[in-house]
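Working notes for the structure below.
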Amino acid sequence: MTDAVRTVVLEVERHVAAAGWDQPPRLYALVTTSELIDAEPELAATLGLPTDAAGSLTPIEQDEVPADQDLEEVLTGIMWPPGVAGCATVVERLVLPLGAEGELPDDAEQAKVLAAEHPDAHEVRMAVAVTRDGRAHCALRLRSHDDTADVLDGVDLVPTLVGLLFQTLTD
């Protein structure tokens, strides 16, 4: 099922990428596809889920993340019900090179402006999926390389976000 986590994170990243950049954060519940087919056969048929879905996960997009809250803040208040096998998120961020944060002022608004103007800043889309049994996978796409199919993926590329998502799954 580790491949299932990788597959689902790449799927949600492609889904958001199809809408272009400057997207709001997205949050997904991950359910075991075979359990979804058993519980909701009509929905599964509508979604076109394969009948041979053993071991796969299906992402179910949740309501929009409130625009006045950071995703990280929202995640600290979420607890998924037991039927949810995992969760995923896709968020865009501005990434600065190591050490550049020390150049930014303490004022958050001024820091945002200066970070956006930094010559070595990169816009990145991060997709992260985690499961209750401890598996995780991440995918990263740089806006500057959006014209290619290049998406960097790995188990722990965004460890802070992985940790926040895991916390939403624990009691």
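Any idea which residue in the stretch 63-76 is modelled with the lowest pLDDT, counting only those that are outside any helix (DSSP H, G or I) and surrounded by fewer than 16 Cβ atoms within 10 Å (Cβ to Cβ)? Once the filter is applied, the top-ranked residue is ALA67.
THR131 - would you say it is within 23 Å of GLY83 (Cα to Cα), touching a residue at least 12 places away in the same chain (Cβ under 8 Å) and either of a type outside the set (A, V, I, L, M, F, W, C) or touching a Phe, Trp or Tyr at 6+ places or on another chain (Cβ under 8 Å) (or both)? Against the criterion (within 23 Å of GLY83 (Cα to Cα), touching a residue at least 12 places away in the same chain (Cβ under 8 Å) and either of a type outside the set (A, V, I, L, M, F, W, C) or touching a Phe, Trp or Tyr at 6+ places or on another chain (Cβ under 8 Å) (or both)), THR131 qualifies. Which residue is modelled with the lowest pLDDT, if the candidates are limited to the stretch 127-147 and must be more than 15 Å from LEU10 (Cβ to Cβ) and not in a strand (DSSP E or B)? Only one residue tops the list, namely ASP147. Might you check whether a residue that is over 14 Å from VAL16 (Cβ atoms) and of a type in the set (Val, Ile, Thr) occurs anywhere in the stretch 141-149? Within the stretch 141-149, one or more residues are over 14 Å from VAL16 (Cβ atoms) and of a type in the set (Val, Ile, Thr).
Among the residues of the stretch 51-60, none qualifies, meaning not one is farther than 20 Å from ASP3 by Cα and surrounded by 14 or more Cβ atoms within 10 Å (Cβ to Cβ). For the stretch 79-96, the candidate set comprises residues that are in a loop (DSSP other than H, G, I, E, B) and among the aliphatic types (A, V, I, L, M); within that set, the residue that is modelled with the lowest pLDDT is LEU96. Are any residues in the stretch 32-89 within 20 Å of HIS137 (Cα to Cα) and without any contact (Cβ under 8 Å) to a residue 24 or more places away in the chain, and if so, which ones? Those that are within 20 Å of HIS137 (Cα to Cα) and without any contact (Cβ under 8 Å) to a residue 24 or more places away in the chain: ALA53, ALA54.
Number of residues in the stretch 18-40 that are surrounded by 12 or more Cβ atoms within 10 Å (Cβ to Cβ) and in a helix (DSSP H, G or I): the value is 6.
The values are calculated or read from the model by the stated rules, or taken from the named source; none is laboratory data. Please read these numbers as outputs of a predicted model, since none were measured by experiment. Don't worry about glycine lacking a Cβ; one is built from the backbone with ideal geometry, like all the others, and counts go over all protein chains shown.
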